[in-house]
Structures are given as structure tokens and as C-alpha cells.
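For reference, the structure discussed in these notes is given below.
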Amino acid sequence: MSVPAPALRLAEFIDASPTPHHATESARRMLAEAGFIERDPTESWSGAEPSAGSGAEPSAGSGAEPSAGSGAEPSFVVRDGSLIAWAGATAPDAPLRMIGAHTDSPNLRIRPRPDTGLAGFRQLGVEVYGGALVNSWLDRDLGLAGRVAVRAGDGSVGHELFRSDRAVLRVPQLAIHLDRDITTAGLLLNKQQHLTPVWGLGDPVAGDFRTWLAGEVGVDPAEVLSWDAACFDVQPSAPLGDDMDLLAAPRLDDLCSCWGAVRALIHATTESNAPSHASVVVLNDHEEVGSTTATGAAGDWLAQVLERRALALGGDRSDLLRSLAMSHLLSADMAHGTHPNYPERHEPNHWIRLGGGPVIKHNPNARYATDDTGAALFVLACEAAAVPYQQYSHRGDLACGSTIGPITAAALAINTVDVGMAQLSMHSSRELMATSDVDAMERSFTSWFTTAH
């Protein structure tokens, strides 16, 4: 059986995106190839928006038709590991249909002074990022990727992406002969002591990692000022199963949703009967650690970009607020499929099947932001796209996870639905979903943008 083309395209996107910085670069290429214009956040986006230091006021509510280059074109802006893109209706007070997702995934991050070692091994100091299933990082062949801050020739700071083309690290598990209790007491890992990867033989040398990193980006070690570096599993994404109906891949949570949101936005720009609303995608970093950063969902960046867009279209803040009152957000994050080996961990009347289509996630305590209006609008979008959908409710005696949905809904006072694609092994270094759900996601997300409801 052949693997559906959307699942193969998703796998390519994931394999090209080992870190949030690489994910936004992958999304940037997709949007640029589709004709979207990248906006510089340090420059004015139109004559209607005051330039830095000009003191000029925008032409509020003038009603004038936006001119070419005014910000009316499909556009996007990137900041570090986050991206916001928009297209569609150009009236500054037009409602918005939004899809939000996150670019980060749990992993192991390299410390500022990483060079360490013991017992004849050179090792790198790491710290766990997010709620990782740390056991899944044992005995995996790991590469390194991220971004390096380097000294530029004029004394400023430049940035370089890097990614090792081969495995350079491994976290070796203790042999069972030295841990006989593992079969009865289970695997117990101390995040400080047991997760330090090896990357060679010999004694640790101060500056060893900096020198390696300088070689990766082609600069002198003295020019390396700082880094944001993460471990990743070098095994590529791959179809799995007798009928190849499963996709095994790292970072499905939440690069799957990022890819689906960008693909849907690109599709929405080609619709001949464009709806009266504008379409917006926001890909936030740092969801796995609480979102309280400059580019996380709890920050002001999305609100700032939406206001700048309204100003560039000749509107003012009042236009934006009226727009938000009519707008809707789809918070896209992966969902828990029912695990066949642990059915008792799931709410018995809400089992979720991999391959059963998008999952609408509900929680009365607002861990998910789904409200009745948002849920109803997504049901209509699925019906219009002839896509089946499922309803998720968490088991009442287990703590429920959360998404960017409640954070963004609260910040913008916007109706929201939390939606995800079903998966197993969430927060593992390698996760599992149905290949057919990728196409269902792409079609339902596109319908979310293009339906007129």
C-alpha cells in the first residue's frame, strides 16, 4: 500500500525542522514559494503606519483602498522560533479566522558551559526542556542542531543556523546486570545525573563544544558568543505497519499542526470565492515550557503584529478590537489517541482512534479553550470538507494537559476551539500517528479558513 502524499510531505517538513528555528525556516520557505511577502519587524509596513520616530498618526478609519505594498498582500513575519502569517480580506476591521500551533517539542538542550566527562568519556552537559519522556532519549543516536549567535564584523550580533549531518551524541542506558531491580521497580532516571550524553573518549577539555560549534558554522571559536542548541534523534521519519498506515516521527507534537496550518493558509489564498474574513497563522515557540516568553503565546507579539497589520491597512486599534470581536481561533495541538495497552487511562465514553479524523478537545476547567461556538464552527468546517471528526474528554481522575488555546483566547478575548490529530507516545523522542489523518487535517484546516460561516 502506498503512503498518502500529505504524510510524506509532513515527514519532509519534520525532518528538515529539528528545532524551532529550523521549523520557522521551513515554514518561511513554504510561504515564500507560495508568493507570501516577508515583512521586516523593524520597518514600517506601509505609509499608513508611522515610521520609527516619525511621530505621525495613522490614518484611522479612512476607508481608503489599500495600495500595493501597503501590507494587503499575503505576508508573514518571523521572530526567532516563531512565525505569524496572514492573507485574505484587507479591511482592517474584517474578522479573522486564525490557526495557532507551536514549534517547540520536549528535548535535551545544551548548557552554557557543557564540557564535562567522567571515567574516560567526554560528555556534554544538557538540561531537559519541557515535559519529555526522558526514557525515550536513552540509546538513541542523537544529532545537534540550533542557532549560534556570532560576533559580526561591525561589532553587532549575527545568527547562524546549524545542524549536524551525523549522530554525535548518545545517552547510554545502564546494563541490566547493574540494575536488576529495573524489571520490578521500573526505570528510575535522575534528570541531573543520568541523562548526560557521551560524545567521545578522553578527558573533558574546556571550550571543546565551542570549537566544534564554530566549525559547524564556519567561524573562529572566539566569534561564538552564545547558542541555542538541542539534541535530536537523527533517525528520519518513516511509515510503519503492515499497510504503512502509521507514521513514526519525532516532534509530531506539534510540527504536524504547524505544517497543516501553513498548508491550509497557502490553500486559502488560491480559493476563487474568498470569504469576507482574513486568515491568520501563528506558530509560537515555548509552549512546552509555559509560553511566558517574548515569542510565546503568553507574550504580546501576536497582538502587536495584528495591530501593526491593522495600521498598515489604514485602520486603527478600534478597527482591530472590532475585528477580534468577530474572530475565531483554532488552537491546533496533537491529541491523545486511545492506547491499546492502557485503555483504563482513557475516559471510557470518549475513546479516540488514530485514523478517525481531527479531534475536538473539551475540558470544563479550561485546560482546553473549546467553547460551544468554536466547536460548532469546526464541525461545520469538517462537514464542508467531508472529513470525519472525534470528540475528546479527559479522564476525570487524571490531570489534563493544556495548549496555547486558553492563553491566546484570554489574551485576545476570542472564541476558540482546541483541535488535534490523534497520536501515541506524546512527548517521546519518537511519536506515532495515522498517515490518513494528515490529509484529514489539511482538508479540515483549509475548510476552517475558506468556509463562509
Self-check item: From the options A230, A264, residue that is surrounded by 14 or more Cβ atoms within 10 Å (Cβ to Cβ) and either touching a Pro at 6+ places or on another chain (Cβ under 9 Å) or not in a helix (DSSP H, G or I) (or both)
Solution: A230
Quiz item: Can you find a residue in the range 168-185 that is in contact with a strand residue (DSSP E or B) (Cβ under 9 Å, 6 or more places away or on another chain), closer than 21 Å to D253 by Cα and outside any loop (DSSP other than H, G, I, E, B)?
Solution: no
Self-check item: the range 192-212, subset more than 20 Å from V171 (Cα to Cα) and in contact (Cβ under 8 Å) with a residue 24 or more places away in the chain, residue surrounded by the most Cβ atoms within 10 Å (Cβ to Cβ)
Solution: G207
Quiz prompt | All positions within the range 1-30 that are over 30 Å from D243 (Cα atoms), touching an Asp or Glu at 6+ places or on another chain (Cβ under 8 Å) and not in a loop (DSSP other than H, G, I, E, B) | solution = P20, H21, T24, R28
Self-check item: From the options L201, L195, L240, residue that is in contact with a strand residue (DSSP E or B) (Cβ under 8 Å, 6 or more places away or on another chain), over 30 Å from F36 (Cα atoms) and not assigned by TED's automatic domain parsing to the domain that holds D141
Solution: L240
Exercise. Specify which of the listed residues (S331, S323, S318) is at pLDDT 95 or above, within 25 Å of the chain's Cα centre (by Cα) and either of a type in the set (S, T, Y) or not assigned by TED's automatic domain parsing to the domain that holds R28 (or both).
Key: S331
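Taking the stated definitions as given, is S279 surrounded by fewer than 24 Cβ atoms within 10 Å (Cβ to Cβ), modelled with pLDDT of 95 or more and within 27 Å of D437 (Cβ to Cβ)? Give the steps one after another, and end with the answer.
Working: surrounded by fewer than 24 Cβ atoms within 10 Å (Cβ to Cβ): no; modelled with pLDDT of 95 or more: yes; within 27 Å of D437 (Cβ to Cβ): yes.
Here the answer is no, as S279 does not meet what is asked.
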Practice problem: Taking only the range 306-339 into account, find how many residues are out of contact with any Lys or Arg (no Cβ under 9 Å at 6 or more places or on another chain) and among the hydrophobic types (A, V, I, L, M, F, W, C). | Solution: 8
Self-check item: Failed criterion for V157 (all others in (1) closer than 22 Å to A132 by Cβ; (2) surrounded by 10 or more Cβ atoms within 10 Å (Cβ to Cβ); (3) among the hydrophobic types (A, V, I, L, M, F, W, C) hold)
Solution: (1)
Quiz item: How many residues, within the range 267-295, are in a loop (DSSP other than H, G, I, E, B) and either more than 30 Å from A132 (Cα to Cα) or in contact (Cβ under 8 Å) with a residue 40 or more places away in the chain (or both)?
Solution: 14
Quiz item: closer than 24 Å to L424 by Cβ, in contact with a strand residue (DSSP E or B) (Cβ under 8 Å, 6 or more places away or on another chain) and among the basic types (K, R) - does that describe any residue in the range 129-145?
Solution: yes
Self-check item: Within the range 337-453, strands (runs of 3 or more DSSP E) holding 3 or more residues that are under 28 Å from N107 (Cα atoms) and either modelled with pLDDT of 95 or more or of a type in the set (S, T, N, Q) (or both)
Solution: 359-362, 415-420, 422-424, 431-434
Quiz item: Among the numbered criteria (1) more than 30 Å from G35 (Cβ to Cβ); (2) crowded, with 23+ Cβ neighbours inside 10 Å, which single criterion is violated by G315?
Solution: (1)
Quiz item: Only one of (1) surrounded by fewer than 22 Cβ atoms within 10 Å (Cβ to Cβ); (2) within 15 Å of T103 (Cβ to Cβ) fails for Q304. Which number is that?
Solution: (2)
Self-check item: Only one of G405, G420 that is surrounded by 21 or more Cβ atoms within 10 Å (Cβ to Cβ), under 20 Å from the mean Cα position of the chain (by Cα) and farther than 28 Å from A238 by Cα
Solution: G405
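The values are calculated or read from the model by the stated rules, or taken from the named source; none is laboratory data. Predicted model only: the values in this text are computed from it and were never measured. All Cβ positions, even for glycine, are placed from backbone atoms using ideal geometry, and neighbour counts span all protein chains on display.
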